[in-house]
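Below is one structure; the comments refer to it alone.
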Amino acid sequence: MRIDTIYLTGNVREEFLDQAGGGHIYNDHPSKAGLAYIMENLHKLGYLVEYFGGIDDLIRAYENKTVFPDNVLFFNASDGGINSNRKGTSSILLELLNVKYIGSDSCSRLIGGNKHFAKSIVTAHGLTAVPGVLVTKMSDMERVDMPYPMFVKPNREGSSIGISQEGFVENREQLYTVVEKLLQSFDDVLVEQYIPGYEVTNFIVGNPEDFRVNEAILCEYKEQIYFDRLVFGLKEKAQRMRTQYMAQSRLEHQIVDKLKVNSEKVFTCLNMRDFARIDYRVNDNGIYFIEVNGNPVISRTSEMGLICRETGTDFSQILQAIIDTALKRYQ
């Protein structure tokens, strides 16, 4: 299948309000610089690359009944607008336009963006997830029956929005205070058992029977890699206060191998496509699924950038792997 033109679609974070209160705009959207870097590397691969725009531009294309030729591929880097279920918006519009596109479909993006639903599916497939209860109103707290400490966070946000050390609670009074506060800003929150352990994320490229990149990455914060109380939240992420390492440099290879196998199973059961990032807590009791991101940031400072630096792989090579595995789906 011949592809000559790639349209990159995605609203940029500079169009939205800052969520972190730091020295630069930070929210759940890719930056202008990040999208420019993707385009630069796609050009290196020989493609004609254009920035198509964001959600409004996709809507206009649909309203105008725009027809795109077969040699066009959309690279979906969009996290939608500002609504709670925004993560599926771009995929829905691309499907309405009947075009070939890179990235998970609308159903998978919506399920992946709902941590509670994603964990329910993962556990139904025999995998282990962090135990938790979905809370949409204070009366739901009657169903919370887990040992302290617990952790409270929004259910349908990304980029650590709504996550802080305050969410770590050790008694009923703290728990109810934090839940009530978060429900004032978010439609639903998760009350989870706090699992001490290593914070590990897995970046994966490919599709079932065709996985091409599968690397586990370990997080260090305040000179700790094993967290028993500490929370890495929005402020810390926005200000890049963590350090990341290839997991095999700090963890036993047997654990890393299990993480990779686990990630392929999670990717498959949640019907992710082409690329994703999967987050875990890991300790002696096992591997606990936290969440999946069907549209992780891909930039020189992201997990993909780290993999490139540590493995000597050119950024454009991984982009080509993403393109190739996406096109294989359309054959």
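Quote to one decimal, in nm, the extra length available between Arg240 and Phe117 on full extension: 0.36 nm per residue of separation minus the C-alpha distance between them.
On the way: separation 123, 0.36 × 123 = 44.28 nm, distance 2.90 nm.
Gain on stretching Arg240 to Phe117: 41.4 nm.
Suppose every Lys and Arg Cβ carries +1 and every Asp and Glu Cβ carries -1, with no other charges. What dipole size does the chain come out with about its Cα centre, to the nearest 20 debye?
On the way: 36 positive and 44 negative charges, 52 e Å.
Charge dipole of the chain: 240 debye, to the nearest 20.
Which of Lys153/Lys222; Lys32/Lys260; Lys87/Lys260; Lys44/Lys265 have a Cα-Cα distance over 27 Å? Provide the component values of the computation, followed by the final result.
Details: Lys153/Lys222 21 Å; Lys32/Lys260 31 Å; Lys87/Lys260 25 Å; Lys44/Lys265 33 Å.
Where the Cα-Cα span goes over 27 Å, the pairs concerned are Lys32/Lys260; Lys44/Lys265.
Please check: in the Gaussian network model of the chain (C-alpha springs, under 10 Å), which one of Met304, Met146, Met272 has the largest mean-square fluctuation.
Answer for the Gaussian network model of the chain: Met146.
Given a Förster radius of 30 Å and the C-beta distance between Glu40 and Arg2 as r, what FRET efficiency does 1/(1 + (r/R0)^6) yield to the nearest 0.05? Don't jump to the answer; show the numbers that get you there.
Values: r = 22 Å, r/R0 = 0.74.
Using R0 = 30 Å, I get an efficiency of 0.85.
Which one of Ile92, Ala36, Leu48 is farthest out on the positive end of the charge dipole of the stretch 33-122, using unit charges on Cβ (Lys, Arg +1; Asp, Glu -1) and the Cα centre as origin?
Ile92
Label-point separation (nm) for Val261 and Asn83, each offset 7 Å from Cα along Cα-to-Cβ?
Using points 7 Å along Cα→Cβ, the separation is 4.2 nm.
With springs only between Cα atoms under 10 Å, which of Lys115, Lys32, Lys222 fluctuates most in a Gaussian network model of the chain?
Sorting by GNM fluctuation, first place goes to Lys222.
Between Asn283 and Gln317, what is the FRET efficiency for a Förster distance of 56 Å, r being their Cβ-Cβ separation, to the nearest 0.05?
For Asn283 and Gln317, the calculated efficiency is 0.95.
Per DSSP H run of n ≥ 4, the term is -39500 (n - 2.57); total these for the chain, divide by its residue number, and report the mean residue ellipticity at 222 nm rounded to 500 deg cm²/dmol. Don't jump to the answer; show the numbers that get you there.
Details: 10 runs with 105 residues, N = 331.
Estimated from H runs of four or more residues: -9500 deg cm²/dmol.
How much length is gained if the chain between Asn214 and Arg229 is pulled fully straight, taking 0.36 nm per residue apart and subtracting their Cα-Cα distance, in nm to one decimal? Mind dumping the intermediate values first?
Numbers: separation 15, 0.36 × 15 = 5.40 nm, distance 2.88 nm.
Gain on extension, Asn214 to Arg229, equals 2.5 nm.
With viscosity set to 1.567 mPa s at 4 °C, what whole-number translational diffusion coefficient in µm²/s follows for the stretch 132-193 from Stokes-Einstein and a Kirkwood radius over Cα pairs? Walk me through the numbers on the way to the answer.
Details: Rh = 11.3 Å.
Translational diffusion coefficient: 115 µm²/s.
Could you compute Rg(Cα) / (2.2 N^0.38 Å) for the stretch 31-125, with N its residue count?
Numbers: Rg = 15.0 Å, N = 95, 2.2 N^0.38 = 12.4 Å.
It is 1.21.
For the pair Met141/Asn171, report the inter-label distance in nm, with labels modelled 7 Å from Cα in the Cβ direction.
Label at Met141, label at Asn171, 1.4 nm between them.
Grab the other residues whose beta carbon is less than 14 angstrom from that of Gln254, score K and R as +1, D and E as -1, and report the net. Provide the component values of the computation, followed by the final result.
Numbers: positive: Arg250, Lys258, Lys260; negative: Glu252, Asp257, Asp284.
Overall, the nearby charge balance is 0.
Just rank Glu252, Glu180, Glu192, fewest to most, by other beta-carbon atoms within 10 angstrom. Walk me through the intermediate numbers first.
Numbers: Glu252 10, Glu180 13, Glu192 24.
Listed from fewest to most nearby Cβ atoms, that is Glu252, Glu180, Glu192.
Taking the chain as a Gaussian network, Cα atoms linked when under 10 Å apart, which of Arg156, Arg212, Arg172 shows the biggest mean-square fluctuation?
Of Arg156, Arg212, Arg172, the most mobile in the Gaussian network model is Arg172.
With a Förster radius of 30 Å, plug the Cβ-Cβ distance of Lys65 and His125 into 1/(1 + (r/R0)^6) and report the FRET value to the nearest 0.05. Show your work: numbers first, answer last.
Values: r = 40 Å, r/R0 = 1.34.
Calculated transfer efficiency: 0.15.
From the Cα trace of the stretch 235-331, what convex hull volume per residue do you get, rounded to a whole Å³? Please list the in-between numbers first.
Working: hull volume 12.4 nm³, N = 97.
Per-residue hull volume (Cα only) is 128 Å³.
Compare the Cα positions of Asn202, Tyr7, Ile278 along the charge dipole of the chain (+1 at Cβ of Lys, Arg; -1 at Cβ of Asp, Glu; about the Cα centre) and return the one farthest towards the positive end.
In the chain, that residue is Tyr7.
Percent of alpha carbon pairs in the chain separated by more than 39 Å?
Numbers: 6052 of 54615 pairs.
Cα-Cα pairs of the chain separated by over 39 Å account for 11 percent.
Using alpha-carbon pairs under 8 Å, 6+ residues apart, how would you state the relative contact order of the stretch 132-193 in percent?
Numbers: 93 pairs, mean separation 31.9, N = 62.
Computed over the stretch 132-193, the figure is 51 percent.
Computed from the coordinates by the stated procedures, all read-outs in this text should not be read as laboratory data. These figures come from a predicted structure and were not determined experimentally. With ideal geometry, Cβ positions are generated from the backbone for all residues, glycine too; neighbour counts draw on all protein chains shown.
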